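This report concerns only the one structure given below.
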Amino acid sequence: TTEPQTILTERRDRVGLITLNRPKALNALNTELMTEVVAAVKEFDADAGIGAIVLTGSQKAFAAGADIKEMSSKTYAEVVGESFFGAWDELSRSRTPIIAAVTGYALGGGCELAMLCDTIIAGENAVFGQPEINLGVIPGIGGSQRLTRAVGKAKAMDMVLTGRQMKVDEAERMGLVSRVVPTDKALDTALEVATTIATKSAIATALAKDAVNRAFESSLTEGVRAERALFYSTFATDDQTEGMAAFVEKREPRFTHR
Ligand code: CO8
């Protein structure tokens, strides 16, 4: 396998860190970067030694969108034929929780990529937006759907139709991000959150993530039923036995992810 050219990857104990690394293009998402991020997430997800993944960019830009220079000359036949950017969908198949650490611009595909992650920790300088309308196109990596689910119809229509940028305080008020921290602390905070998650039972975190995601994929009755079945299934794991025994014995649990 060849070394990735557009990202950096690193393991920190049970946390996998992926850093977008096209600084000259403000981490614009091109096909190569997409392929490398998807491969890195798949590799971490398949690794029993990794319990959480952090995805980040630079202080200036998480990602300033899909690569407009790569896209601009494509024809309809080409984008349809190659299922342009379809591989991004594979990120939502990761069972390992993915945390976005967003500083600077998260625009267009960058905002969509952050929303493909399970939660977003933002620095004070973070800026979100879906500016595709300014280019004569519309969001294409789930933005119209995930932004609407995250912030509701009125805000999503406002953002998608005007293409305006949303500063971090508005994004926090809207529930788009889970925490706002000083810009130079965003990555550290995301790594701390990931480290906390990675100490839990990996089976339980995967089931918990699945259960929360059901809220977006099903009716309330179906979602509650699915949650109950997933909850019951935790009683087939060693980690349930260990977690409850540790509580009763007033000690820290030693999860084996079994
Ligand atoms: N694509 C390609 N290159 C980019 C992009 C981008 N999205 N954004 C920035 N760059 C490049 C610039 O061209 C520039 O390169 P160069 O030095 O060679 O001219 C370099 O990065 C630095 O950018 P700026 O000089 O513009 O930096 P500023 O600090 O002045 O401005 C901004 C920063 C405001 C972020 C500005 O760069 C900007 O507006 N960028 C474009 C934002 C945008 O419109 N993003 C949406 C793109 S469309 C999209 O994401 C659609 C996704 C759906 C596709 C799905 C298909 C199925």
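A few comments on the model shown:
- The equivalent ellipsoid that matches the C-alpha gyration tensor of the range 1-106 spans semi-axes of 24, 17, 11 angstrom, in descending order.
- Within the range 63-170, trypsin sites (Lys or Arg not before Pro) in DSSP loop having at most 14 other beta-carbon neighbours inside 10 Å: Lys74, Arg95, Arg164
- Under the simplified labelling scheme, the Thr195-Ile133 pair shows an inter-label distance of 4.2 nm, with each label point 7 Å from Cα along Cα→Cβ.
- The GNM of the chain, with springs linking C-alpha atoms under 10 angstrom apart, assigns the highest mean-square fluctuation among Leu116, Leu161, Leu91 to Leu161.
- Value of Rg/Rh across the range 173-238 [Cα atoms, Kirkwood radius]: 1.09
- Neighbour cut-off at most 13 other Cβ (10 Å), DSSP loop, GluC sites (Glu not before Pro), the range 50-101: Glu82
- Our analysis of the range 118-256 gives Rg over Rh at 1.08, with the two radii drawn from alpha carbon positions and Rh computed by the Kirkwood formula.
- For the range 52-180, the relative contact order comes to 25 percent (Cα pairs under 8 Å, sequence separation of at least 6).
- Summed over all non-identical Cα pairs, the Kirkwood treatment of the range 1-43 gives a radius of 10.8 Å.
- Structure note, pairs Lys24/Lys209; Lys209/Lys250; Lys42/Lys153; Lys155/Lys200: Cα-Cα distances above 30 angstrom occur for Lys24/Lys209; Lys42/Lys153; Lys155/Lys200.
- Stokes-Einstein D (µm²/s) once Rh is taken as the Kirkwood radius of the range 70-159 over alpha-carbon pairs, at 37 °C in 0.692 mPa s: 232 µm²/s
- Cα-based reach from Lys60 at 15 Å (exclusive), listing aspartates and glutamates while leaving out same-chain residues under 8 positions away: Glu124, Asp184
- A cut-off under 15 angstrom between Cβ atoms defines the neighbours of Glu112, and their net charge, with Lys, Arg +1 and Asp, Glu -1, is -3.
- Positive contributions from Lys and Arg (+1) and negative ones from Asp and Glu (-1), summed over other residues with Cβ under 14 Å from the Cβ of Arg12, come out at -3.
- Footprinting exposure proxy for Met159, Met244, Met115, Met174 (fewest neighbouring C-beta atoms within 10 Å first): Met244, Met174, Met115, Met159
- Gaussian network model of the chain, springs between alpha carbon atoms under 10 Å - residue of Val41, Val79, Val248 with greatest fluctuation: Val248
- Normalised per residue, the volume of the convex hull around the Cα set of the chain (Å³): 148 Å³
- In the chain, the longest principal axis of the Cα atoms and the axis of helix 220-233 are about 50 degrees apart.
Where a number appears in this text, it was derived from the coordinates with a stated rule and is not lab data. Since we're looking at a predicted model, the values are computed, not measured. Note: ideal-geometry Cβ built from the backbone for every residue, glycine included; neighbour counts use all protein chains shown.
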